[in-house]
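The next block holds one structure in the form of structure tokens; read it before the comments.
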Amino acid sequence: MQVKRIFAHNSLRNFIYFLVDEGKKTAICIDPYDSKIVLDFLKENQLSLTEIWNTHQHPDHIRGNNELIQKTDAEIRTPQAAEVRTFENGKSKVLSYLTPGHTMDHLCFHLYENEQSKALFCGDTLFHAGVGHCKLGGEPQILYQTICELKKMIPKETNLYVGHDYFETNLLFAQDINPSNSEIDSWLLRLKSHQSFVLLNFEEESKINPFLRLDCEEIRKNLHLDKNASDCEVFCSLRTKRDSW
Ligand SMILES: [Fe+2]
């Protein structure tokens, strides 16, 4: 399955994703923010849409659903928690994880093809250099547990296909809270010279994302937490600080 990513050019900076089966000329769309963008992409690439998947039910992730159901033969067939789906005669597998925290029924989709090719469609659970907020039906303590689970489960070479492009703002927050981290500075420099959107794998993400680096002394100090604070306390304090940053 080929992965295609399209930026929706909206103020919320959504990404729309496609899993494309080139042999069958079919596509699955993940989180269709805009039906016109999806229909144009299908037309340009002569693909038919078979399924729509939604990571969660926030309006910007399901906005295109109804029109796409009317204008194509696609069905909403989001793989439910722990469901494994097989594509291309077993060559590609997708495993769906329940990842509560941003919303309590949020799902992430893990695409496996071979050892080199792995992708996680993480919706609003994990962003580059950040995590989703918990202000609309979420719970930061639960999101902390989800992120711990993902850290254990996700192979480090897995590419992260996040729901929104908040990378630059998240990096500036990360730099503020973890100023001695030179990896953050390098990514900021790289963003300035880069024309298109970047893609990080889990290993790269773990070096810069403060929400994955809860034992960092500098982060704890800048949050005014003592060294005995639990990782969950650090996570929730980071989330609160980021909410008003
Ligand atoms: Fe959301």
Work out from phi, with θ = phi - 60° and the Karplus expression 6.51 cos²θ - 1.76 cosθ + 1.60, the ³J(HN,Hα) of each residue of the range 199-216, listed in order in whole Hz, and give x for Gly and Pro. 9, 10, 8, 4, 5, 4, 4, 5, 7, 10, 7, x, 6, 9, 10, 6, 8, 5
Stretched out fully, how many nm does the piece from S117 to E203 gain, at 0.36 nm a residue minus the Cα gap? 29.5 nm
Hits among lysines - C-alpha to C-alpha of K135 under 21 Å, sequence gap 8 or more where chains match: K241
Mind putting a number on the dipole of the range 28-108 about its Cα centre? Charges go on the C-beta only, +1 for Lys and Arg and -1 for Asp and Glu, and I need it in Debye to the nearest 20. 160
Segment S196-L172, length gained on full extension (0.36 nm per residue, minus Cα span): 6.8 nm
The relative contact order of the range 89-245, taking Cα pairs under 8 Å that sit 6 or more residues apart, comes to a percentage of 21
What aspartates and glutamates could a cross-link reach from K207, if we take a straight Cα to Cα line under 18 Å and drop same-chain neighbours fewer than 8 places away? E149, E157, E168, D176, E183, D185, D215, E217, E218, D231
Projected onto the charge dipole of the range 89-245 (+1 at Lys/Arg Cβ, -1 at Asp/Glu Cβ, origin at the Cα centre), which of P155, S182, L214 gives the Cα projection farthest towards the positive end? P155
Going by average Cβ neighbours within 10 Å, how do the peptides 227-236, 103-112, 124-133, 79-88 rank, with the highest at the top? 124-133, 103-112, 227-236, 79-88
What ranking, highest mean first, results for peptides 3-9, 13-19 when packing means the other Cβ atoms within 10 Å averaged over each residue? 13-19, 3-9
Dipole size in debye (nearest 20) for the range 90-159 around its Cα centre, Lys and Arg Cβ +1, Asp and Glu Cβ -1? 140
Based on the alpha-carbon set only, what is the convex hull volume of the chain divided per residue, in Å³? 122
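What part of the accessible area of the chain, given as a whole %, is carbon or sulfur when the probe is 1.4 angstrom?
Roughly 48 percent of what the probe reaches on the chain is carbon or sulfur.
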Ordering of 67-78, 190-201 by burial proxy (mean other Cβ atoms within 10 Å per residue, highest first): 67-78, 190-201
Step through the residues of the range 87-97 one at a time and calculate ³J(HN,Hα) from phi using the Karplus curve (6.51 cos²θ - 1.76 cosθ + 1.60, θ = phi - 60°), rounding each to whole Hz and writing x for Gly and Pro. 10, 6, 6, x, 5, 10, 10, 10, 10, 9, 10
Per the charge dipole of the chain (beta-carbon charges, Lys/Arg positive, Asp/Glu negative, Cα centre), the residue among Q116, N228, A27 reaching farthest to the positive end is A27
Give K93/K156; K4/K152; K118/K151; K25/K91 a once-over and call out the pairs whose C-alpha atoms are over 21 Å from each other. K4/K152
From the Cα gyration tensor of the range 1-78, with a ≥ b ≥ c the square roots of its eigenvalues, which class applies: rounded if a/c is under 1.5, or else prolate if a/b is larger than b/c, or else oblate? prolate
Relative to the longest principal Cα axis of the chain, at what angle does helix 35-44 sit, 0 to 90 degrees, rounded to 10? 60
Percent antiparallel among DSSP beta bridges with both residues in the chain, to the nearest 5? 75
Dipole in debye (nearest 20) - the chain, about Cα centre, beta carbon charges: Lys, Arg +1; Asp, Glu -1: 160
Could you state the number of Å between the C-alpha centres of the range 188-238 and the range 103-179? 12
For the range 166-181, Karplus-derived ³J(HN,Hα) couplings (6.51, -1.76, 1.60; θ = phi - 60°; whole Hz; x for glycine and proline) come out as 10, 4, 5, 4, 4, 5, 5, 5, 4, 5, 5, 8, 9, x, 7, 7
Counting heavy atoms of the protein chains only and a 1.4 Å probe, report the per residue accessible area for the range 1-156 as a whole number of Å². 47
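The values are calculated or read from the model by the stated rules, or taken from the named source; none is laboratory data. Remember, predicted model here, so these are calculated numbers, not experimental data. FYI the Cβ positions are ideal-geometry reconstructions off the backbone, even for glycines, and counts take in every protein chain you see. Surface accessibility is based on the protein's heavy atoms, side chains included, excluding ligands, DNA and RNA. Shrake-Rupley method; radii C 1.70, N 1.55, O 1.52, S 1.80 Å.
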